[in-house]
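J.: Sharing a structure here in structure tokens format.
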Amino acid sequence: MRIALVLTAFIGICGNTAAGPPSEHCTAVTGRVASSLGSLRAEDMRAFLRLFSDPRCKGSVEFAEFGNETIFKAIEKRPALFFTALFALSEPEIAAVRKEIDDPGHDCINVARSYEAVQRDTRMPADLKQRALGFVELAYEQQKRLVGAWEAQNGKKWDWGECRE
């Protein structure tokens, strides 16, 4: 009887470990999005973007890096879908994604490429495009300044090729 009680208490405390820690969920959803950007639906994009305000994803270094990279890949490959999904979220959810965009995870994220993808998207409605450009403009301008300063200090052009996978 004691063993059953202890086992029941242990299971209650640990919960269902078959699904893995909550941060694994965040990384798994991000992986599905990253691997299917070409065929992604708006609801899948919204589910991914909501992860950035999900407390279960906080503190996961793997999710933070992978999620940030995936945001920029999504903007590059599907800007209209990304911003349509984003602007359908709540203000706190939008703010969490904005924080990710304003502070790219590492130097190899080419914000300019994402910004230019929005500019080039001819199918995006003008009002959505204007709002999207405004959304990434801070990160774009900030990265331009940083790259410019690096180039001036080092006397050579920044090479994005060094960042390729």
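J.: It is to be established whether one or more residues within segment 103-119 are under 23 Å from Met45 (Cβ atoms) and among the basic types (Lys, Arg).
T.: Within segment 103-119, one or more residues are under 23 Å from Met45 (Cβ atoms) and among the basic types (Lys, Arg).
J.: Mind checking whether some residue in segment 109-129 is outside any helix (DSSP H, G or I) and in contact with a Cys (Cβ under 9 Å, 6 or more places away or on another chain)? Break it down into steps so the answer makes sense when it comes.
T.: Step one: list which residues in segment 109-129 are outside any helix (DSSP H, G or I), which gives 109-110, 121-125.
Cutting the leftovers down to in contact with a Cys (Cβ under 9 Å, 6 or more places away or on another chain) gives us 109-110.
Yes.
J.: Determine which member of the set Ile94, Ile75 is without any contact (Cβ under 8 Å) to a residue 40 or more places away in the chain and either under 10 Å from the mean Cα position of the chain (by Cα) or under 23 Å from Tyr140 (Cβ atoms) (or both).
T.: Details: Ile75 fails: without any contact (Cβ under 8 Å) to a residue 40 or more places away in the chain.
Exactly one residue qualifies, and that residue is Ile94.
J.: Out of curiosity, is Arg56 among the charged types (D, E, K, R), part of a helix (DSSP H, G or I) and farther than 25 Å from Gln142 by Cβ? So that I can check it myself, show each step before the final result.
T.: Numbers: among the charged types (D, E, K, R): yes; part of a helix (DSSP H, G or I): yes; farther than 25 Å from Gln142 by Cβ: yes.
So Arg56 passes the test.
J.: Suppose we filter Val97, Val136, Val147 for residues that are aliphatic (A, V, I, L, M), at pLDDT 95 or above, surrounded by 14 or more Cβ atoms within 10 Å (Cβ to Cβ) and in a helix (DSSP H, G or I); which single one remains? Can you show your working first?
T.: Numbers: Val136 fails: at pLDDT 95 or above; Val147 fails: at pLDDT 95 or above.
Sole residue among the options that is aliphatic (A, V, I, L, M), at pLDDT 95 or above, surrounded by 14 or more Cβ atoms within 10 Å (Cβ to Cβ) and in a helix (DSSP H, G or I): Val97.
J.: Just need a number here: residues in segment 40-72 that are under 25 Å from Gln130 (Cβ atoms), in contact (Cβ under 8 Å) with a residue 40 or more places away in the chain and in contact with an Asp or Glu (Cβ under 8 Å, 6 or more places away or on another chain).
T.: So the count comes out to 5.
J.: Right, here's the next one. Can you give me the number of residues within segment 71-94 that are surrounded by 14 or more Cβ atoms within 10 Å (Cβ to Cβ), acidic (Asp, Glu) and at pLDDT 95 or above?
T.: The total comes to 1.
The values are calculated or read from the model by the stated rules, or taken from the named source; none is laboratory data. Quantities reported herein were computed from a predicted structural model and do not represent experimental measurements. Reconstructed Cβ throughout: ideal geometry from the backbone, glycine too, with neighbour counts over all protein chains shown.
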